[in-house]
Amino acid sequence: MNDILETIDMNMLGKELQQARVKKGLTQEQAARIIDVARTTMLSIEKGDRRIKAHELIALASAYDVQISDFLRDRSNLNWSKPQFRGPTLRTEQDDQIIAPYIEQLAQLARNYFELERINAAPFLRKYPQEYSIGGLSTREAAENIAIEERIRLGIGDGQIPVLRDILEQDVGIRIFYYPLPPKFSAIYLFEEQVGGCIAINSNHPEERRRWSLAHDYGHFLIHRTKPIVTSEDGYQRKPESERVADEFAGYFLLPTSGVTRRFNDIRRAKKAVTPADLCTLADYYGVSVEAMTRRLEDLKLLSSGIWEKLQARGFKVREMQKQLGINFREDQIQKLPKRYQYLALDAFEQNLMSEGMLAQFLDIDLLDTRALVESMKGESMDANASVALFHASEEVSMQEDEHDR
């Protein structure tokens, strides 16, 4: 907490301390006695001339019946980028009105995450690459090159990506949330210089679609981080370049050319003909829909063009085939809040930096569920603290490695 107090705006904090004291009905003299300082020192603290110490703030917050987190909350003005979506290309005014509260929800969740880091003095370690430039390449060429570079940078080669959310949260530093969005919208992307890249995924969609949406919006982060690029023809707006590149990037990132080709050829060498069951198995391996897998194979000229349409015309039932094959589509980490976010909230509560009510607000659960959680935590608090310590330790190690690399 001392780190936060070194950087916090003391003028604002001083005013809030004064307001809390007055509301509690205490004089400056009484407040001064609580922290064992002279009244003139208390006056200087409230005027913002003297920086308050951690133990003093804890004592005053307790005396004023105010949570320490209320005094430590982020006061900076956040300047969010224009939101980007995986959704309708040409949105109507009604679409904008419908999606507006969901954009605000993403911004609020990201701000909460940012505040939890400040309260716990545990900043999110960013491992951001430089924003990629398309240059003179075509959309497809640029998307594939960027996908290849990112796979190399993240150390995943040309194989499958098991849990995409974990990789983007832990190995890049993207803030990712899952919650219901309007049916037309699959994902929302926002960026803010202090908070970083933030993505909301529609939790109502099937897992294969959620993964594709997450890869799509990661493309936004990599290529048009702060604002979309809109192109126009003959005065009419068409699909933004940023959307077209993000669409292509998702395909190349989740279904890398070399890996897909090699795995498909292994199947073809083992049998005379590739069957719908093979397509289901291959799609499951890469964590994408059977349609996406089939169209990618068509694009690579590994299957004849129009195979997907022919399968549909024959009444091919994907879910029935998957059930017969015993394929239970993998579930990514689809909790609304990232694991690290939850651990930080629990850690702040354990340190008495927030009340049950504040914990409920940050975890977006009701008070009854919060109390049940707190009760269960009594025997598990060491585990929760150990988890947070593990996160912090891993970040410190990564920072040391980055410093060594430089």
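Computed from the coordinates by the stated procedures, all read-outs in this text should not be read as laboratory data. Everything quoted here is computed from the prediction, not taken from an experiment. All Cβ positions, even for glycine, are placed from backbone atoms using ideal geometry, and neighbour counts span all protein chains on display.
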TODO: Consider all pairwise Cα distances in the range 84-254 and report the whole-number % of them above 18 Å.
DONE: 61
TODO: With label points built 7 Å along Cα→Cβ from the Cα atoms of Arg91 and Arg269, find their separation and express it in nm.
DONE: 4.8
Task: Separation of alpha-carbon centers, the range 250-271 and the range 113-183, rounded to whole Å - done: 23
Open item on the list: Highest mean first, how do 315-328, 109-122 rank when packing is the count of other Cβ atoms within 10 Å averaged over residues?
Closed with: 109-122, 315-328
- [ ] Could you work out the local net charge near Lys53, counting Lys and Arg as +1, Asp and Glu as -1, over the other residues with Cβ closer than 12 Å to its Cβ?
- [x] -1
Open item on the list: Using the alpha carbons of the range 257-324, what is the convex hull volume per residue in cubic angstrom, as a whole number?
Closed with: 87
Open item on the list: Output the 0 to 90 degree angle, nearest 10, between the alpha-carbon long axis of helix 367-377 and the longest principal axis computed from the alpha carbons of the chain.
Closed with: 90
TODO: Report the extension gain between Val163 and Ile334 in nm, rounded to one decimal, defined as 0.36 nm multiplied by the number of residues separating them, less their alpha carbon distance.
DONE: 60.5 nm
TODO: Give the cross-link partners of Lys310 among the lysines, using a straight C-alpha distance below 28 Å as the criterion and excluding same-chain residues fewer than 8 apart.
DONE: Lys184, Lys271, Lys272, Lys301, Lys323
Open item on the list: Taking a ≥ b ≥ c as the square roots of the Cα gyration tensor eigenvalues, with a/c under 1.5 meaning rounded and otherwise prolate when a/b beats b/c, else oblate, which class fits the range 85-152?
Closed with: oblate
Task: Options (i) 125; (ii) 156; (iii) 206 - which one matches volume of the Cα convex hull per residue in Å³ as calculated here - done: (iii)
- [ ] Starting from the Cα of Lys82, step 7 Å along the direction of its Cβ; do the same at Ser203; then give the gap between the two resulting points in nm.
- [x] 3.1
Open item on the list: Testing the spin-label approximation: label points 7 Å from Cα along Cα→Cβ at Thr261 and Glu141. State their distance in nm.
Closed with: 1.7
